[in-house]
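Presented below is the structure to which this report refers.
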Amino acid sequence: MAEHLTRAIHERRLGPGMKLSEDEVGEIFGVSRTIVRAALQQLAHDNLVAIEPHRGAFVAQPTVREAREVFEARALVEPRTARSAALRATPQDIGLLSHHIAQEHAALAAGRSGQALRLSGQFHIEIARIADQAIIAGFIAQLISRSSLVIALYWRRPQAMCESHAHHALMRAMEDRDGDRAEEVMKGHLLDLLSLLDLHEPVPVPLTLREALTGE
């Protein structure tokens, strides 16, 4: 259940500030409130959900300051990780990245921007895996999760996502085992993403909880 809720948040079906009623979530999944509560606690640990006393659980709403900090943290960590990945990437790793990019672009072409966003985040996590830096990979995964909330609130052009060919450029740098280029491409890519945030006008996601979790 926690994985399903996390995926719904990453795909922007569950928007920031949406109330996650234990009763309603339990009814949708056909489970007890105890199980729902445990799943929500796990998401709270991942900073995806805020649990407020006497009010319940809500999808977290990052502030403008938090939004900047998330992307600034990514800009500090991920370029060096991309360099390490470029020096370690195998032909099998490059093949997986290529397949991942194809899935991401297929989702964009089909208008599934939420799925494309989730795949884009997974691409960055995959680079950390290739770099063989487990602790940093875990940190990046947390930042990616929080990025999904930031994008849901502040993204200026949701359809833009990562279709700027930055992922192709990263893959080519790793294929060439060019650590310097991979680091520079990643740095520029994350700065571009930050520039696409509109840190003044949050855009809500107009779905009910049932619609977000079941598509009904």
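The values are calculated or read from the model by the stated rules, or taken from the named source; none is laboratory data. This one's a predicted model, so the numbers in the text were calculated from it and none came from an experiment. Because the Cβ atoms are built from the backbone with ideal geometry, glycine has one as well, and the counts that use them run over all protein chains shown. Ligands, DNA and RNA are excluded from the accessible area calculation, which covers all protein heavy atoms including side chains. Shrake-Rupley method; radii C 1.70, N 1.55, O 1.52, S 1.80 Å.
Here are the numbers for this structure:
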quantity: Residue 7/residue 198 FRET efficiency (R0 22 Å; Cβ-Cβ; nearest 0.05); calculated: 0.30
quantity: Percentage relative contact order, the chain, counting C-alpha pairs under 8 Å, at least six apart; calculated: 32 percent
quantity: Net lengthening on full extension, residue 24/residue 72 (0.36 nm per residue, minus Cα-Cα); calculated: 13.6 nm
quantity: Theoretical ellipticity at 222 nm over the chain - DSSP helices of four or more residues, -39500 (n - 2.57) apiece, nearest 500; calculated: -22000 deg cm²/dmol
quantity: Inter-site label distance for residue 63 and residue 177 at 7 Å from Cα along Cβ, in nm; calculated: 4.8 nm
quantity: Rounded, prolate or oblate (a/c below 1.5 giving rounded, otherwise prolate when a/b exceeds b/c) for region 13-126 by Cα gyration tensor; calculated: prolate
quantity: Portion, in percent, of the accessible area of the chain that falls on carbon or sulfur, probe 1.4 Å; calculated: 52 percent
quantity: In nm, spacing of pseudo-spin labels at residue 46 and residue 214 (7 Å Cα→C-beta vector); calculated: 2.3 nm
quantity: Tilt relative to the chain, helix 91-109 - C-alpha long axis, 0 to 90 degrees, to 10; calculated: 50 degrees
quantity: Charged-residue dipole, Cβ positions (Lys, Arg, Asp, Glu), the chain about Cα centre, Debye nearest 20; calculated: 140 debye
quantity: Relative contact order %, region 1-108, counting alpha carbon pairs below 8 Å whose residues are six or more apart; calculated: 23 percent
quantity: DSSP-assigned coil residues among trypsin sites (Lys or Arg not before Pro) in region 37-82, each with at most 14 further Cβ atoms within 10 Å; calculated: 55
